Each structure stands twice: as structure tokens, then as C-alpha cells.
Amino acid sequence: MSTRVPRSNERYRRALELIPGGTQLVSRRPTRYANGVSPIFAARGKGARIWDIDGNEYIDWVSGIAAIILGYCDPVVDEAVREQMSHGTMFSINHELEIELAEELVQTIPSAEMVRYAKCGGEACAMAVRIARGATGRDKILFCGYHGWHDWYLAANLAADANLNAHLFPGIEPIGVPRALAGTALPFPFGDLAALGNLLDEHRGEVAAVIMEPMRSEEPPPGYLAGVAALCRERSVALIFDEVSSGWRIHLGGVQAHTGVTPDMTVLAKAISNGYPMGAVVGRRWVMEPAGQMFISSTYWSDTIGLRAALTTIRELRRRNVSAQLHQFGAELQRRLNAAATATGLNVRCGGVAIHPGLQFGTSDAALKSKLTTLYIQEMAKRGCHGYASFYLNAAQGSAELEQTVAAAHEVFALMQQGIETGTLDSLLECDLTQDAFRRLVR
Ligand SMILES: Cc1ncc(COP(=O)(O)O)c(C=O)c1O
């Protein structure tokens with residue numbers, strides 16, 4: 001095992017003794033990266049970079065699992081938060097910021113007429129599902145993609161233990177989820193309108209909502225989202241776009257503004273507040289207003305730090321025209337990485353939408369692909385680039401990050417190509433193979 005992150009490795013051994021599962025988020029498990037070589041614990045972050053507890057510096061190509069959109073410690077957002085702290089972070093009565101942020105969201109997100117707040121994405125998805133069930137008086141939920149850890153979603157694997165395989169990852173046992181929820185959450189495949197139509201027909205009159213990630217790293221097939229919206233409209237089913245991960249980068253108004261397809265409700269979190277805990281459920285009045293009669297209530301949803309961070313982040317995204325910047329930067333990153341691939345002869349392409357580029361290794365051999373992915377993550381980490389074989393962009397990434405990453409990738413691609421040509425790939429691996437935890441249907 002490599003010795004470049006000894007303190008991270010030691011701390012993780014201790015974490016496993018104290019914290020079930022070792023981390024709070026599956027995506028932070030070291031097995032998702034080059035375990036033993038990649039950093040596990042962060043000491044600090046600034047702009048596009050993080051420093052681990054062993055003193056190594058990295059460009060963070062995961063951008064705080066998509067939550068960091070302006071960059072770590074963005075001076076404008078952090079100053080607004082500090083100023084807010086000096087006035088108090090929460091009170092026994094309400095704060096006007098709730099209305100100010102709601103007004104901003106209504107102006108920005110096409111589906112937003114009314115707004116409720118939350119603190120994170122999974123919680124906001126659970127809230128959206130509760131509201132849709134309450135507003136329609138129906139129980140069943142059809143879903144596509146990943147929507148958090150709550151009972152309503154994991155219930156999918158009670159009816160068939162493979163239901164979440166393509167949306168989350170294989171092997172999820174719904175331990176602790178009441179068996180009575182079996183059959184209440186049903187998956188549908190992305191891009192297949194007929195399959196969704198059939199499922200809606202099969203459960204006619206019983207479906208409260210269709211919840212889906214409208215896109216992730218590829219454009220949805222032409223007409224697909226409009227088709228989904230039409231199917232839902234015909235059956236008076238609430239359509240919910242989960243824009244927790246897609247929101248803000250592709251367009252300030254989300255995928256719905258990018259594609260022109262407006263759902264009934266939208267779930268927002270992560271990049272909404274540049275790293276401060278915050279989430280929101282927004283939607284049309286017909287579906288949101290009944291929430292006033294439902295018991296949906298929590299002390300910290302009104303905390304002014306999240307509200308202030310979100311308000312400032314959205315205004316900064318607009319002021320700095322971040323979406324356009326990310327499109328341009330991502331396209332340049334793709335172009336330069338593809339040039340490096342060509343120059344080294346490695347069969348890899350950097351594809352996907354420009355705001356979320358990803359490497360696609362040109363092999364159908366799953367074992368080889370896994371080795372190549374792990375080797376890429378391992379060797380990039382050694383060269384100060386932390387990430388998967390994909391890139392979450394943020395506005396603090398600039399030419400220094402581009403040049404360092406392209407130079408590192410050039411060396412790493414050459415090493416990988418040499419490993420392939422000489423049959424020595426295995427000997428280059430210094431860690432176990434990365435576990436590709438999230439295998440989503442939504443590309
Ligand atoms: C689409 C989507 N929905 C929901 C969630 C859950 O959000 P959180 O981890 O903030 O609970 C995520 C997190 O990755 C997500 O990508």
C-alpha cells in the first residue's frame with residue numbers, strides 16, 4: 001500500500017471503529033476512489049482546491065460531491081454568512097429571508113410558484129413525495145434515478161431486490177424499511193416513454209407522482225422529457241424533477257429551463273447554497289398549497305445561514321453568469337483531454353455534456369474498465385488531482401487547474417497505454433479496484 005496518505009488511512013481505521021460504515025455519505029467512502037492512495041480526510045479547501053490531513057494539495061474534481069459551485073470558501077457567500085451570523089442564525093420567530101429567497105426561487109425556477117425549505121437533498125425528496133401524495137390522495141410513486149436514503153425510496157427493494165440496481169447500486173438491502181411499504185415505489189427506465197406509459201396504465205388511479213433526475217451527464221433523448229410531462233398531465237400525476245445534482249450548472253433555471261419542460265415540482269439542494277446545508281421543494285400552486293394542511297415541520301428549516309447562503313449563491317451565479325462559464329470551461333477540458341488521449345494512443349474519450357465531462361474507456365471488458373478507472377484515479381491523485389473518472393465543475397476552476405490536469409492526464413494516459421501494451425496494468429495498481437457505487441440509469 002502507498003504511504004502518501006498515512007494519517008488519512010490511520011484516521012479511517014479509527015472511524016470504522018466509531019462510525020458505522022466509516023463515513024456519513026457512501027460517496028465519501030475511500031473504496032470509491034483509489035483506497036490507500038487517494039485522500040480520505042480533508043483539512044481545508046479554498047477555491048478549486050482542497051488539502052488533506054497529510055498536507056497534500058489537490059484540485060478537487062468532485063466539487064464537494066457537486067455542492068460546491070462557486071468554489072470553496074467563496075468570499076462573497078462566506079462574507080454574507082459571517083454578516084448573517086453577527087445578527088443571529090435562528091430565532092423563535094420567523095425571518096424575512098424565507099420570503100426573500102422564495103421570491104428569488106420563483107423568479108429563477110420555471111416550476112416554482114410556492115416554496116418549502118429543507119436542509120438536504122434526500123430530505124427534500126421525501127418532502128416532495130409527501131406533498132405529492134397528500135395533494136393527490138394517492139400512494140404510489142414511480143421513480144427514475146437516485147433520490148436519497150428515506151423509506152419511501154428504499155421501499156422499492158422490498159418488492160424486488162433488484163429494483164434499485166440501476167438507479168442507485170446493486171445489493172441494497174432495505175433493512176429497517178417497513179415491509180408494509182412494498183409495492184409503493186416502482187422504478188422506470190430513463191429514456192423509455194412506452195415503459196413509463198405502461199407502468200402508469202398498470203397502476204392507473206394509484207400513482208401520486210413521477211419523480212426523476214431529468215438528466216445528469218448526457219442530454220435527454222429529444223422529446224423524452226416533454227413526453228413524460230404529457231403522460232403525467234393526462235393522468236393528473238405530479239411530475240417531480242429532482243434537480244439536486246443537475247440544478248444550477250446546466251442553466252440557472254435548472255434542466256427545466258435548459259429543456260423547456262416544466263415539471264409540477266422541483267427538488268433543489270447541494271449547489272443551491274455552495275456548501276452550506278440547504279434544500280428546497282418548489283412547485284406549482286395546485287400541488288404545493290395543500291402542504292399547508294400537512295404536518296411538514298422542522299426547527300432548522302428556517303435557519304438563516306442556509307437561507308442567506310442560498311440567496312447569495314443564486315445571486316452570484318446570476319451576476320457571474322456561472323453556467324456559461326462552466327459550459328465553456330468544460331468544453332475546453334474535454335477538448336484538451338481528448339487531445340491528450342490521441343497523443344498517447346490510449347483508447348479513451350472525454351464525453352458527456354460540457355458541464356459534467358466524463359472519461360469513457362473504449363473497452364467492453366468490465367474487468368479491464370475497472371482496472372483502468374482505478375489506475376486513472378490513483379495516478380491522478382498522485383499528481384494532485386482528486387476525483388473519479390468524471391469532473392464536477394465549479395466556477396473557481398481556471399487555467400491553472402486546466403493546465404495541471406491536462407498535463408497529469410497526459411502522463412497518466414501514457415502510463416496506462418504502456419501498461420496495456422506490455423501487459424503490466426496489474427502491477428501498476430497500488431490499491432483495490434474502485435467500487436463503482438453509483439450506477440445510474442440517468443446518464
Ligand atoms: C439527484 C439526487 N437526489 C437526492 C440526493 C440526496 O441528497 P443529499 O445527499 O443531500 O441528501 C442526491 C445526492 O447525491 C442526488 O444526486
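Of the beta bridges DSSP finds with both residues in the chain, what % are antiparallel, to the nearest 5?
If we restrict to bridges inside the chain, about 55 percent are antiparallel.
Name the helices (complete DSSP H segments) of the chain with a Cα length along the long axis of 30 Å or more and a Kyte-Doolittle mean of at least -1.0, or state none.
Qualifying helices: 322-344, 399-422.
Expressed in nm to one decimal, what extension gain is obtained for the pair S364 and H87 from 0.36 nm per residue of sequence separation less their Cα-Cα distance?
Details: separation 277, 0.36 × 277 = 99.72 nm, distance 5.73 nm.
Result: 94.0 nm gained on full extension.
Counting other beta carbons within 10 Å of each Cβ, put C385, C144 in order, fewest first.
Ascending Cβ contact count within 10 Å gives the list C385, C144.
Using the scaling law 2.2 N^0.38 Å as the reference, what is the normalised Cα Rg of region 75-319?
It is 1.00.
Evaluate the charge dipole of the chain about its Cα centre and quote only its size in Debye, nearest 20, assuming +1 on the Cβ of each Lys and Arg and -1 on the Cβ of each Asp and Glu. Don't skip to the end; give the middle numbers.
Details: 42 positive and 46 negative charges, 28 e Å.
Computed about the Cα centre, the dipole is about 140 debye.
Assuming 0.36 nm per residue, please report the length gained on full extension of the stretch N338 to I19 beyond their Cα-Cα distance. Could the numbers behind the result be given before it?
Values: separation 319, 0.36 × 319 = 114.84 nm, distance 4.10 nm.
My answer for the length gained is 110.7 nm.
Of G47, I19, A34, whose Cα points farthest to the positive end of the dipole of region 7-59 (charges on the beta-carbon: +1 Lys, Arg; -1 Asp, Glu; origin at the Cα centre)?
Highest projection toward the positive end goes to G47.
Among the lysines, which fall within straight-line cross-link reach of K371, defined as a Cα-Cα distance under 29 Å, with same-chain neighbours fewer than 8 residues apart omitted?
K382
Starting from 0.36 nm per residue, how many nanometres of slack lie between S427 and E98 once their C-alpha separation is accounted for?
Values: separation 329, 0.36 × 329 = 118.44 nm, distance 5.62 nm.
Net length gain for the segment: 112.8 nm.
When the Kirkwood hydrodynamic radius is evaluated over all pairs of different C-alpha atoms of the chain, what value in angstrom, to one decimal, is obtained?
Across the chain, the inverse of the average 1/r is 22.8 Å.
What residues qualify as long-range amide H neighbours of R49, i.e. H under 5 Å apart, gap of 5 or more or another chain, H built at 1.01 Å from N?
For R49, the qualifying residues are D60, Y72.
Restricting to DSSP H runs of at least four residues, report the calculated mean residue ellipticity at 222 nm for the chain, -39500 (n - 2.57) per run over all residues, nearest 500 deg cm²/dmol.
Here the helix-only value at 222 nm equals -12500 deg cm²/dmol.
When a footprinting reagent is the concern and you count Cβ atoms within 10 Å, what order do E100, E430 take, fewest first?
Numbers: E100 13, E430 17.
In order of increasing Cβ crowding within 10 Å: E100, E430.
Within region 59-77, list the residues whose amide N lies under 14 Å from a label point set 7 Å along Cα→Cβ of R315.
Counting only backbone N, you get 76-77.
Of the peptides 10-16, 67-73, how do they stack up when ordered by the mean number of other Cβ atoms within 10 Å, highest first?
67-73, 10-16
Looking at region 75-319 only, what percent of DSSP beta bridges run antiparallel? Nearest 5 please.
40 percent
Between Q404 and R233, take the C-beta separation as r, use R0 = 45 Å, and let me know the FRET efficiency to the nearest 0.05.
Between Q404 and R233 the formula returns 0.40.
Dipole magnitude of region 75-319 about its Cα centre, charges +1 at Lys/Arg Cβ and -1 at Asp/Glu Cβ only, in debye to the nearest 20?
Values: 20 positive and 28 negative charges, 36 e Å.
That gives a dipole near 180 debye.
FRET efficiency for R44 and D161, Cβ-Cβ distance as r, R0 = 51 Å, nearest 0.05?
0.80
Read-outs throughout are calculated quantities, based only on the coordinates presented, and are distinct from any laboratory measurement. Since we're looking at a predicted model, the values are computed, not measured. Backbone-built Cβ (ideal geometry, glycine too); neighbour counts: all protein chains shown.
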